Each structure stands twice: as structure tokens, then as C-alpha cells.
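Structure first, commentary second.
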Amino acid sequence: MFFQNARIFTKDFRFVTGAFQVCDGVFGAVLPDQAPADAIDLHGATVIPGLIDIHNHGNSGADFSDGDYAGLEKMARYLASNGVTAFAPASMTLPYDVLSRAFATAKRLRQEQPVGCAYLAGIQMEGPYFSEKKKGAQNGAYLKAPDFEGFQKLYEDCDALVRIVDVAPELPGAAEFVARAKALCTVSVAHTDSDYDHAKAAFDAGATHLTHLYNAMPGIHHRKPGVIPAAVENSNVQAEIICDGLHVHPASVRLAFSMFGGSRMVLISDALRCCGMPDGEYELGGQPVFLSGGVARLADGTLAGSATNLFDCMKNAIRFGIAEADAVRAATWNPACAVGANDIIGSIEPGKRADFVICDTDYQKIAVYLAGKNCK
């Protein structure tokens with residue numbers, strides 16, 4: 001099956017008008033010299049790789065940390081219908097036995113790959129190795145110091161599906177944890193009150209990721225630079241950003257892309273179970289969360305995760321002034337690299353899963369394809 005007259009986001013991060021092929025669930029020829037006469041004409045529509053959300057707690061009333069397989073499958077179907085064709089569900093700061101049950105559901109979803117569901121590209125283990133001061137919406141009752149043996153057991157039990165593990169660099173043993181965990185997966189700095197020196201030590205030890213930039217970390221101060229400048233200075237570090245228009249001001253989104261560049265930014269949703277749901281009371285990591293007017297907060301007013309999907313976050317980034325190619329890259333290729341899945345997803349090129357989204361010029365979705373099949 002060929003598609004022609006498409007504005008394609010190519011593997012070199014440009015938009016080029018041409019044709020592409022889908023065969024047996026993967027991309028075939030891209031930008032061939034000539035498409036067959038029976039190729040489907042897309043009339044100039046934009047085609048981008050399926051989006052990849054590597055930090056997503058839930059939607060549709062379900063949360064990954066519930067440890068409920070039906071709920072995780074529901075999450076994956078909602079994501080696919082919204083142009084997010086792959087994801088790494090994020091856990092919360094919870095006891096190891098609770099995390100183990102949740103990770104088991106991810107393992108099952110990856111094995112079964114139900115039709116119509118977003119591909120599970122891994123897990124982001126968000127907690128419990130966090131700072132009390134910057135715990136944000138994480139449950140302080142379950143915080144603990146970095147524990148490589150405990151992490152390793154969780155990692156092995158889910159067949160190495162943990163692709164990102166988060167840690168606060170100022171905690172005792174954090175640098176040693178990073179040095180050991182980096183051999184297994186991406187290590188991210190998160191929920192931290194770290195100074196510059198501790199943060200730099202973590203990045204020097206092998207941390208290559210920064211979880212939801214600006215949120216749950218110190219701001220930039222000219223005499224106390226902290227985590228963010230330490231991350232900017234290390235060219236190996238990517239930075240996530242929640243682009244729902246609530247967690248981060250548009251000017252700060254633009255600043256982030258200026259600091260890190262389009263190759264190092266990762267758009268995320270950090271969506272909660274209230275995503276796609278009406279206003280009301282929900283739950284997050286054993287704590288009540290209240291959704292009102294699209295904003296999710298704890299009872300004390302602390303801003304929790306978002307109620308927005310990644311596709312809308314990408315559109316927001318473009319609306320905020322981020323270059324179109326940079327915004328698309330930050331929602332596709334860059335997150336694929338962060339979870340080590342860029343060999344199979346994240347770009348439109350021969351041999352990769354044919355996950356893609358057809359959009360109009362305003363990024364209104366026309367169709368979503370999962371492994372070459374229209375997700376209706």
C-alpha cells in the first residue's frame with residue numbers, strides 16, 4: 001500500500017512532499033522516485049510518526065499504578081485514538097509490591113499487544129527515590145533512599161521493561177545508584193532540591209535525562225545555578241517538559257528549547273487518570289486529586305500532573321512559538337531515543353513500525369495508523 005502527495009516528516013527532521021509505502025505493518029519505501037498509479041492520494045496532508053509519550057500516568061479513569069490490566073489496556077486505546085501510538089507508563093512513589101503488580105501488567109500488555117492499543121515501549125519508574133522537599137504530588141509516606149538491589153529486582157521481574165528510572169541527586173548514595181543503574185536503562189534526575197554540584201555529579205556519573213523540566217526542582221538562580229544549568233551544560237542530557245499550558249509558561253517553554261535545542265527536548269503529558277474525564281475527585285498514588293477547569297491539584301493546592309494528551313501538548317508547543325519540526329521531533333524521535341526504542345519507532349523510514357498520524361495543516365487528526373492499520 002502506497003500513500004502519495006503527502007507532506008512527510010522525514011528521518012532528517014524535515015517536511016518533504018512525496019510518497020511512502022506500508023507493507024506488513026512496517027514502512028517500506030519512503031520518497032520513492034515514483035508511486036504506483038493506485039497509491040492513496042493524501043492531497044497534501046501532513047504525515048508525522050506516531051507520537052510517543054514516555055511520561056504518562058493514566059487517562060479515562062485508569063492509572064498505571066493501579067496494577068489493573070484492563071485499565072492499562074483502556075489507557076493504551078485512548079492514547080492510540082489521540083495519535084499517541086507508543087508510550088511508557090509512569091509509576092508513582094509507592095511500595096515495591098504495588099509497583100511490582102503494576103509492572104506485571106505492562107509486561108503482559110507488551111507481550112499481548114492488543115489490536116487498537118498504543119505500543120508499550122517501556123516503563124518510567126517515577127519514584128520512590130525522591131526529595132521530601134520537592135516530592136510534589138508524590139506520596140511522602142513511601143519515599144526512600146536510592147536502592148539499587150530493590151530497583152534491579154523490579155527491573156528483572158518485568159523483563160527489563162523499565163527504560164527510565166528517576167532519582168534525586170542529593171540523596172545519600174545517588175551518584176553510586178546512577179553509576180550502576182545506567183547500565184540497565186536511562187537514569188533521570190527528578191523531584192529534587194539538589195544544588196549544582198550534586199546534580200553535576202549525577203550527570204557525570206551517567207544520568208542522561210531530566211524529568212518534567214522546571215517542575216519539582218529549584219529554579220535557576222545566578223548564584224545558585226542548581227539542576228537546570230547542570231543539565232544544560234551536559235550535552236548527553238535530554239529534558240522532558242509538560243506543555244499543557246499550565247505547568248510551564250509559554251515563555252519558559254521557548255526558553256527550554258533555546259537552552260537545550262530541538263535535539264534534546266522531550267514533550268510529555270504527565271497525564272493523570274482524570275485525563276479525558278469530567279471535573280471531579282480522582283486519586284493519585286493514594287492521595288485525592290481534584291480536577292477543575294482542566295487543572296488537577298491535590299487537596300492542599302499542589303499542582304499534580306496534567307489532564308492533557310501529548311498530541312495537544314505538541315500543538316501547544318507549536319502555538320507557543322516552537323518551530324514545527326522541533327515540536328514534532330520532541331514528541332516522536334527524541335522520546336524514542338530516551339527509552340531506547342528508536343530502532344523500531346519514532347521516525348518514518350524503511351523497516352520501522354508503520355505508526356503514523358495523518359493531519360491537516362492545523363494538526364487536526366485525519367487518521368491514526370498503528371502498525372499499518374487504521375485505528376478507528
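Each reported figure results from applying straightforward, stated rules to the coordinates on display, with no laboratory input. Note that this is a predicted model, so its numbers are computed, not measured. So basically every Cβ, Gly included, is an ideal-geometry build from the backbone, and we count neighbours across all protein chains shown.
For this structure, a couple of remarks:
- Each helix, a run of at least 4 DSSP H residues, gives -39500 (n - 2.57); summed and divided by the residues of the chain, these come to -8000 deg cm²/dmol at 222 nm.
- Per-peptide packing, taken as the mean over residues of other Cβ atoms within 10 Å, places 117-124, 95-102 in the sequence 117-124, 95-102 from highest down.
- T308 long-range amide H proximity, modeled H, under 5 Å: L272
- Considering only G136, G219, G116, the Gaussian network model of the chain with Cα springs below 10 Å gives its largest mean-square fluctuation to G219.
- Legend: distances between Cα atoms for K153/K352; K135/K200; K182/K315; K133/K200; K11/K182; K107/K153; pairs beyond 23 Å are K153/K352; K182/K315; K11/K182.
- DSSP bridge analysis restricted to the chain gives an antiparallel fraction near 55%, rounded to the nearest 5.
- Take the Cα of E112, step 7 Å toward its Cβ, do the same at E156, and the gap between the two points is 2.7 nm.
- Mean-square fluctuations from a GNM of the chain, with a 10 angstrom spring cutoff on Cα atoms, peak among V289, V357, V16 at V16.
- A simple charge model with +1 on the Cβ of Lys and Arg, -1 on the Cβ of Asp and Glu and nothing else charged puts the dipole of segment 51-345 at about 460 debye relative to its Cα centre.
- In sequence order, segment 34-39 has phi-based couplings of 8, 8, x, 4, 8, 4 Hz under the Karplus curve 6.51 cos²θ - 1.76 cosθ + 1.60, θ = phi - 60°, and Gly or Pro positions carry x.
- Vicinal HN-Hα couplings computed from phi for segment 155-160 (Karplus, 6.51 cos²θ - 1.76 cosθ + 1.60; Hz; Gly/Pro x): 4, 5, 5, 9, 6, 6
- Taking amide hydrogens as placed 1.01 Å from N in the peptide plane, the amide H of V162 sits under 5 Å from those of I123, each at least 5 positions away in sequence or on another chain.
- Separation between Cα centres of segment 281-321 and segment 333-376, rounded to whole Å: 25
- Mean-position separation - Cα centroids, segment 1-43 and segment 52-116, in angstrom: 31
- With both labels modelled 7 Å from their Cα along Cα-to-Cβ, the L31 to V16 distance reads 0.1 nm.
- Working note: Karplus 6.51/-1.76/1.60 with θ = phi - 60° gives segment 133-141 the couplings 5, 10, 5, x, 8, 6, 7, x, 5 Hz, where Gly and Pro are set to x.
- Amide H partners (placed H, <5 Å) of I366, local residues excluded: I358, C359, D360
- Peptides 313-321, 60-68, 251-259 ordered by average Cβ neighbours within 10 Å, highest first: 60-68, 313-321, 251-259
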